[in-house]
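Note sheet for the following structure.
The values are calculated or read from the model by the stated rules, or taken from the named source; none is laboratory data. All figures in this text were calculated on a predicted structure; none of them were measured in a lab. Cβ sites come from the backbone with ideal geometry, for glycine too, and all protein chains shown count toward neighbours. Heads up: the accessible areas ignore ligands, DNA and RNA and are worked out on the full protein's heavy atoms, side chains in. Shrake-Rupley method; radii C 1.70, N 1.55, O 1.52, S 1.80 Å.
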Amino acid sequence: MAAVSLKDVRKSYTSDLQVIHGVSMEIKDGEFIVILGPSGCGKSTLLRMVAGLETITGGEIVIGGRVVNNLEPKDRDIAMVFQNYALYPHMSVYDNMAYGLRIRGLAKVEIDTRVQKAAEILELKKFLGRKPREMSGGQRQRVAMGRAIVREPQVFLFDEPLSNLDAKLRVQMRGELQALHRRLGTTSLFVTHDQVEAMTLAQRMIVMNAGRAEQIGAPLEVYARPATTFVAGFIGSPPMNLIPKEGRLLGIRPEHLEPCAESEAMLTVAVDLIEPLGADTIVYGHITGDPDGKPDGDGSSARVAARLPANAVAQAGKLALRYDPANVHWYDPQSGKRIEQ
């Protein structure tokens, strides 16, 4: 295991095409870090630079106290798990897991010990003789993780490893990843575009936007106090409402809105869509009668989503809503940065 340090890490393909704009972070030994962001934000590029699969243009990457900028991937003592499993179809599960160790010249007894140990951790012992095509997607992803585990690296790197799985398997695999990290305690960097994966797996997360680390922090800290309008609008389902008000942007989470009498209304919303979800209902609409009389940036009324108790709204119409001022966030409309009260 090892700590990882990113110091002003940058990546440019040409003088006018910079894709990573100076990311810095200190990752503790044994920490599980999730790199989260939309497609094209640079999250996989950042991970590949740590792995040595992409060269860095500027800055410094340190693994276990050693600067690895110019080291080949095989010399960085890392193991990577990819989205597409990358298993050898003609090899058995055992051979897929053992192949990298054979290439490194480890003794047969040592290889067998490591493979058997990893297979036990991942509950793959009864599948060691099978070929990948004879296994489910979740089982194949466990084999890919097993191949990483047997290397006993200082750092695990996961590049959207659950993206090819269906919803039920994703939930199961998240639980298995959590259990695996508790058991091994290996420093891990996990890339995903899925905020649920980030919120459930991360000890800390890096929220990426256009090649920049928009916010770094514990999941609940990022959710409770988004540093920018990008983070506020990306984290949460539905995301935070951002409403032009008093020359600023007012941010309010959907769950912090509640129905009320018209005389108590802080927002009046014309309901556009109702989504009953069982335990609660999501109501989407647009503001009418904004006290400031100010529409949002494109000239239309500000959009609002509210997470309400089940059956709170049965049909479209006007809906009076209120909120506790203690739950409000304010943002600068030009910079998008949080305004501390």
- Identify, among Gly42, Met135, Gln203, the residue whose Cα sits farthest towards the positive end of the charge dipole of the chain, taking +1 on the Cβ of Lys and Arg and -1 on the Cβ of Asp and Glu, with the dipole about the Cα centre. Met135
- At R0 = 45 Å, FRET efficiency that the Cβ-Cβ distance of Arg133 and Glu72 yields, to 0.05: 0.90
- At 37 °C in a medium of viscosity 0.692 mPa s, the range 109-248 has a Stokes-Einstein diffusion coefficient, with Rh taken as the Kirkwood radius over alpha carbon pairs, in µm² per second, of 191
- Quick one: among Leu162, Leu201, Leu180, which has the greatest mean-square fluctuation in a GNM of the chain with alpha-carbon springs under 10 angstrom? Leu180
- Note on the structure: Treating every alpha carbon of the chain as one equal point scatterer without solvent, the Debye formula yields log10 I(q)/I(0) values at q = 0.14 Å⁻¹ of -1.10
- For helix 108-121, what angle does its Cα long axis make with the longest principal axis of the chain, in degrees from 0 to 90 and rounded to 10? 30
- Would you mind telling me the share, in percent, of accessible area of the chain contributed by carbon and sulfur at probe 1.4 angstrom? 49
- Query: Hey, with R₀ at 25 Å, roughly what FRET efficiency would Arg248 and Glu26 work out to, going by the Cβ-Cβ distance, to 0.05?
  - Reply: 0.15
- Task: Find the centroid of the Cα atoms in the range 60-100 and in the range 168-188, then give the distance between the two in whole Å.
- Result: 18
- May I ask for the angle, rounded to the nearest 10°, between helix 167-184 and the longest principal axis of the chain, with both axes built from Cα atoms and the value confined to 0 to 90°? 60
- Item | Selection from Leu273, Ile243, Pro254 lying farthest towards where the dipole of the range 240-285 points positive, charges on Cβ | Ile243
- For the range 91-160, just the Cα set please: Rg and Dmax, both in angstrom. 11.4, 33
- Note on the structure: Over 25 Å (Cα to Cα) among Lys43/Lys126; Lys43/Lys245; Lys245/Lys337; Lys43/Lys131 -> Lys43/Lys126; Lys43/Lys245; Lys43/Lys131
- the chain, helix-only ellipticity at 222 nm - DSSP H runs n ≥ 4, -39,500 (n - 2.57), divided by all residues, nearest 500: -7500 deg cm²/dmol
- Item | Segment Arg102-Val171, length gained on full extension (0.36 nm per residue, minus Cα span) | 21.5 nm
- Which length gain, in nm to one decimal place, applies between Asp8 and Glu120 when the Cα-Cα distance is subtracted from 0.36 nm times their residue separation? 36.3 nm
- Antiparallel DSSP beta bridges within the chain, as percent of all bridges there, nearest 5: 75
- Residue separation times 0.36 nm, minus the C-alpha to C-alpha distance between Ser39 and Met266: what's the value? 78.1 nm
